[in-house]
Amino acid sequence: MYEQVFIIFLFIPLLAVALAGRTPAPAIVTFPRVLKTSFLLLLVFLLVSVLALLTGSSKIDAWSTLRELLFGWRTGFAGLDETERTILFSIRLPRILFAGIIGAALSLSGVVFQALLRNPLAEPYILGISGGAAVGAIAGILLGVAVVPMGIPALAFLGALFSIMIVFGIARSGRQIASNTLLLAGVISNAFYSAVIMYLLSTSSSDHLHGILFWLMGDLSMAGGRDILFTGGLLAAGFAVIYSHARPLNTIVLGEETALQLGVPVERTKVILFITASLATAGAVAASGTIGFVGLIIPHLMRMLLGSDHRLLIPASVLFGGAFMVFADTVARIVVAPGELPVGVVTAMCGAPYFIYLLRRKAV
Amino acid sequence: MSILKADRVGFRYTESDWILRDITLEVQQGDFIGIIGPNGSGKTTLLKIIDGILAPQEGAVYLDGAAVRKMKRNAVARVVAVVPQDTAMVFPFSAHEVVLMGRAPHLKQWGFEGETDVRIAHKAMEMTDTANLMNRGMNALSGGERQRVLIARALAQEPRIILLDEPTAFLDIRHQLEFFDLIKTLNREQHLSVMAVTHDVNLASLYCDRIVLLQNGRIHSMGRPEDVITKENIREVYGIDVAVDSNQFTGLPQITPLSAEYRSAKSNEGLSR
């Protein structure tokens, strides 16, 4: 019965909130500590993924399936019938993987943007990257590019890249990029994209509206093998580049001048990190639509739990961001079953109240 | 050979007037130098040029004979450490983490602090009496405590020169003195060279061996406190009359600012030192 699994499932964000109530451990970050925390969060991710695998609108008996998944690998899962195998391995599993990748990529970019802009409210969306992607994708839908394979994601990716270039172009003076101007440039670009999107929406025919709406709130249901490979590859490469700069990023958080005084080549590091995080966002948004709040909330939560050292914060955010997105997507799949919600609705509904809770807690 | 040498340094933001011009000075191991001057005289800009953060249009700054702008940032940071003005932090690092970041110039881009780094950081915290604050968040500390943690971070860099940029601006009189006492001790015992920008002429006189008085980006005068801090120099540079006395305990010049009524009385009577 999926209801039972679902009830267990709902405890996960509560658990996260409860954990966040603890004060961060005062110990400094060491390599064993990073390994230990990453391993624990990987377990959380796997647990969430297994629960997500067993949950869905099709009636699959959760407990016998779980038993079969755990012990049936020797017999090639002979205990499952054809339909069950299709649902589990061809429908749910790719989607869970995809959700995990998207959540991880958005959280990864969120951590980087918050640190570089020294602004806990920064996230990929604020920089106008998703707005540009949205304009590209919606234009593609309206022009009928959807018949071309990967046509819409390609246009979204181009839109995101174009937007990044514009925002950086505005904020750049000489070889320097001013963080505040960058933030402002992003906000202004977003306002412009909103207007363009509203224009496109109000002039488009109603048969396109549903697709556009799903794209605007995020949609993980169309994930194919190519999307998974593309976003997965981008995530892996992005993580490698960003994590190799984790320690310099700590000093940049103290202030750019302080980072220079501590021997960090600030401008070079900033440019590398901005570009990498922007590309990761562009890839994620192009494949999944605009899913808000994940890039904002997850790094915040992890920082409260684990402290501000990016050598721990980055892997933790990536793993927990993935787990959270799998959770949110599963909720989106089943609350109005057999219908489906855009996953962005779920992340915003979880994220906004949680964010208010964070703000209020700080004020006390 | 001097550790640091500024050779005819001139600096301006593009097309604006010169902010610094013709600055030549040398720092020897163990020097304690104060840089004073009115607002806008170029004190902080000079520190940034010495640390290689800004590039001068004229002249150059040399660390151990090498041009600072040609050196890698981490090579500079192994020689020069900066204690900034107190600033609040956006993200909650603990005091321990902040001091360990002082090891940054000695580490590779990726990696974790080793035992040696932790030991050096601990020593720096003991010297600055901040070991008991180790596990507290920076934002939970008082201004004086935070400032001591920032000195510890600078010491963890194992520098040969420490630059102070108006470090006591937000501290009360007791914490100001405690701060400079600590720096003076480090200066004496570790032979650390110190260069301090300050608005407080009296503190500069108390602690510095040598004082550089800046006026409109040029060195007005330079030398021992009793030679630089005179009624005439202060009037020329700050455009105000003060009383300058030799303090009965220290023998060092101390200025007494005068309110308007005393300033006029003073010029009438030709009051002198």
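Assorted remarks:
- B:GLU97, B:GLU113, B:GLU26, B:GLU261 arranged by Cβ crowding within 10 Å, fewest neighbours leading: B:GLU261, B:GLU26, B:GLU113, B:GLU97
- Amide N of the range A:87-103 lying under 15 Å from the label point, which is placed 7 angstrom from the Cα of A:SER58 along Cα→Cβ: A:87-96
- Computed from the C-beta positions of B:TYR262 and B:ASP209, the FRET efficiency with R₀ = 30 Å rounds to 0.45.
- The range B:67-83 - phi-based ³J(HN,Hα) in whole Hz, Karplus 6.51/-1.76/1.60, Gly and Pro as x: 5, 5, 6, 8, 7, 6, 4, 6, 5, 4, 5, 7, 9, 10, 10, 10, 9
- Extension gain for A:MET150-A:ALA240 works out to 29.8 nm (0.36 nm per residue, less the C-alpha to C-alpha distance).
- Taking every C-alpha pair closer than 8 Å and separated by at least 6 residues, the mean separation divided by the residue count of the range B:125-206 gives a relative contact order of 30 percent.
- The protein assembly as shown: C-alpha pair distances exceeding 35 Å, %: 51
- Theoretical ellipticity at 222 nm over chain A - DSSP helices of four or more residues, -39500 (n - 2.57) apiece, nearest 500: -24500 deg cm²/dmol
- Fewest-first ranking of A:HIS310, B:HIS220, A:HIS210, using other Cβ atoms within 10 Å as the exposure measure: A:HIS210, B:HIS220, A:HIS310
- Beta-bridge orientation, chain B: approximately 60 percent antiparallel, per DSSP, counting only bridges with both partners inside.
- The protein assembly as shown, dipole about Cα centre (Lys/Arg Cβ +1, Asp/Glu Cβ -1), debye to the nearest 20: 760
- Close amide H pairs (under 5 Å, H built 1.01 Å from N) link B:GLN57 with B:GLY10, B:PHE11, B:ARG12, residues at least 5 positions away or on another chain.
- For B:LEU4, the residues 5 or more places off, or on other chains, whose built amide H falls under 5 Å of its own are B:VAL27, B:ASP64.
- When only the Cβ of Lys, Arg, Asp and Glu is charged (+1, +1, -1, -1), the dipole of chain A relative to its Cα centre reaches about 1020 debye.
- Lys/Arg +1, Asp/Glu -1 at C-beta; chain A dipole; positive extreme among A:ALA259, A:ALA323, A:LEU40: A:ALA259
- Cα centroids of the range A:295-325 and the range A:190-240: 24 Å apart.
- Along chain B, longest interval not containing exposed chymotrypsin sites (Phe, Trp or Tyr not before Pro), exposed being DSSP loop plus at most 15 other Cβ atoms within 10 Å: B:14-109
- In the range B:66-107, trypsin sites (Lys or Arg not before Pro) in a DSSP loop with at most 14 other beta-carbon atoms within 10 Å: B:LYS72
- Fewest-first sequence of B:GLU166, A:GLU267, B:GLU232, A:GLU123 by Cβ atoms within 10 Å of each Cβ: B:GLU232, A:GLU267, B:GLU166, A:GLU123
- HN-Hα J in Hz across the range B:101-115 - Karplus 6.51, -1.76, 1.60, θ = phi - 60°, x for Gly and Pro: 5, x, 7, 3, x, 9, 9, 6, 4, 10, x, 10, 5, x, 4
- For the range B:122-135, backbone phi angles converted through the Karplus equation (6.51, -1.76, 1.60; θ = phi - 60°) give residue-by-residue couplings of 5, 4, 4, 6, 5, 4, 9, 6, 10, 4, 6, 9, 2, 8 Hz, Gly and Pro being listed as x.
- Cβ-based net charge around A:GLY292, under 15 Å, with every Lys or Arg adding one and every Asp or Glu removing one: -3
- A:LEU143/B:ARG218 FRET efficiency (R0 51 Å; Cβ-Cβ; nearest 0.05): 0.20
- Charge tally for B:GLY52 (other residues, Cβ to Cβ under 11 Å; Lys, Arg +1; Asp, Glu -1): +4.
- In the protein assembly as shown, taking the dipole from charged Cβ atoms about the Cα centre, the farthest positive-side position among A:GLY100, B:GLN215, A:GLY159 is held by A:GLY100.
- Highest GNM mean-square fluctuation among A:VAL34, A:VAL294, A:VAL148, for chain A modelled with Cα contacts below 10 Å: A:VAL148.
- Remark: spin-label model distance A:VAL196-A:THR30 equals 5.2 nm, labels positioned 7 Å along the Cα→Cβ axis.
- FRET efficiency, B:GLN85 to B:ILE173 (Cβ-Cβ, R0 25 Å, nearest 0.05): 0.90
- Measuring between their Cα centroids, the range A:53-99 and the range A:100-122 lie 33 Å from each other.
- Under-5 Å amide H pairs with B:LEU214, H placed in peptide plane, nonlocal only: B:ILE36, B:GLY37, B:HIS220
- Stretchable slack from A:THR203 to A:GLU257, in nm (0.36 nm times residue separation minus alpha-carbon distance): 14.5 nm
- Of all DSSP beta bridges in the protein assembly as shown, antiparallel share, percent nearest 5: 60
Where a number appears in this text, it was derived from the coordinates with a stated rule and is not lab data. None of these values were measured; they are calculated from a predicted model. We place every Cβ from the backbone using ideal geometry, glycine too, and count neighbours over all the protein chains shown.
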